[in-house]
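Just below is one structure, and these are the notes that go with it.
The values are calculated or read from the model by the stated rules, or taken from the named source; none is laboratory data. As the structure is a computational prediction, the values presented were derived from the model and not from experiment. All Cβ positions, glycine included, derive from the backbone under ideal geometry; neighbour counts span all protein chains shown.
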Amino acid sequence: MKRLHIFQHLKTNQTGHVTLWAQKRNLETTISTFFDTDYIIPPADEVDGLVVLGGPMSVNDEENHPHLIQEKAFIREMYNSGKKIFGICLGAQMIANAFKSKVSKSEVKEIGWHEISLTPEGIESPILKDFPKNFSSFQFHEDTFELPEGAELLASTPECPNQAYSIKDKVFAVQFHPEMQEDTVINLANNWLPKMGKGKKIQEAEEMLSQCSLIPENHKRLEDMLDRFFLKNQ
């Protein structure tokens, strides 16, 4: 794979550690910035792989965010072309919804650093090999999704069971955020957390920021996932 395209939905969310990984692997990277009115989605035949990042909107809000319609169509086109798609948070929901799976409000908002557990299938997954059975990653979501047809569940939490899934060797998606940079966590804690209210899985800002020491190990897991998904056997 030589050409990676990224769907970015929020300017302040940046592209996290994904772009740095791509630079390390000498990949040509292009980005659709949907917060700009002049965003561009390239032809699918000019892209080898796609990463769909997170964002604050619902995948169902196509009226206010018409680009969602284009994104889902592009996801289907990439999949039907046999190309690989990696989703993070909203991206995982977007891929599921592109294949007609329901996305809805979760009973519990997961905000902050929380433990995630691999399923038996996740333990055996070639993408997640060597991962601890239980590990902590960053969460910032209030929606959840049903698994697409043919998907294999790879990781769960008690409150939001669908945390990671794959479809054959063409889709890999996670609900959590292994790509987060410290400045983005600080921004979320200061500007977005106050809007989320209170809940049993909503961390206070002080606790959230105190666990930023977990970022390097999450970046290592992200790089392992991206390497194994996009570049293995290339």
Looking across region 187-234 at residues that are in a loop (DSSP other than H, G, I, E, B) and among the charged types (D, E, K, R), the single one that is nearest to Val51 (Cα to Cα) is Lys232
When region 143-155 is checked residue by residue, the ones that are assigned to a strand (DSSP E or B), of a type outside the set (A, V, I, L, M) and surrounded by fewer than 18 Cβ atoms within 10 Å (Cβ to Cβ) are Glu152
Contact list, first residue from region 1-17 and more than 18 Å from Leu226 (Cα to Cα) and in contact (Cβ under 8 Å) with a residue 60 or more places away in the chain, second anywhere and in a strand (DSSP E or B) and of a type in the set (Ser, Thr, Tyr), beta-carbon distance below 9 Å, six or more apart or interchain, is His9/Thr33
Being surrounded by fewer than 16 Cβ atoms within 10 Å (Cβ to Cβ) and in contact (Cβ under 8 Å) with a residue 24 or more places away in the chain narrows Lys105, Lys72 down to just Lys105
Of (1) exposed (fewer than 15 other Cβ atoms within 10 Å of the Cβ); (2) in contact with a His (Cβ under 7 Å, 6 or more places away or on another chain); (3) assigned to a loop (DSSP other than H, G, I, E, B); (4) not aromatic (Phe, Trp, Tyr), Gly55 satisfies every one except (1)
Among residues of region 108-126 being touching a residue at least 12 places away in the same chain (Cβ under 8 Å) and over 26 Å from Gln203 (Cβ atoms), the residue surrounded by the fewest Cβ atoms within 10 Å (Cβ to Cβ) is Pro126
Restricted to region 1-15 and to residues being under 24 Å from Ile69 (Cβ atoms) and charged (D, E, K, R), the residue surrounded by the fewest Cβ atoms within 10 Å (Cβ to Cβ) is Lys11
Result of the Cβ filter at 9 Å on region 207-218, keeping first residues that are within 15 Å of Gly16 (Cα to Cα) and partners that are in a helix (DSSP H, G or I) and not β-branched (Val, Ile, Thr), at least 6 apart or interchain, is Cys212/Glu182; Ile215/His17; Ile215/Glu182; Asn218/His17
Checked region 200-210 for anything out of contact with any helix residue (DSSP H, G or I) (no Cβ under 9 Å at 6 or more places or on another chain) and either closer than 13 Å to Leu188 by Cβ or surrounded by fewer than 16 Cβ atoms within 10 Å (Cβ to Cβ) (or both); matches are Lys200, Glu207, Ser210
Listed by first then second residue, the pairs whose first member lies in region 159-187 and is of a type in the set (Phe, Trp, Tyr) and surrounded by 24 or more Cβ atoms within 10 Å (Cβ to Cβ), whose partner is modelled with pLDDT of 95 or more and assigned to a loop (DSSP other than H, G, I, E, B), with beta carbons under 7 Å and at least 6 positions apart or on separate chains, are Tyr165/Leu147; Phe172/Ile127; Phe176/Gln163
Considering region 16-39, residues that are part of a loop (DSSP other than H, G, I, E, B) and in contact with a strand residue (DSSP E or B) (Cβ under 6 Å, 6 or more places away or on another chain), and then whichever is surrounded by the fewest Cβ atoms within 10 Å (Cβ to Cβ), we arrive at Tyr39
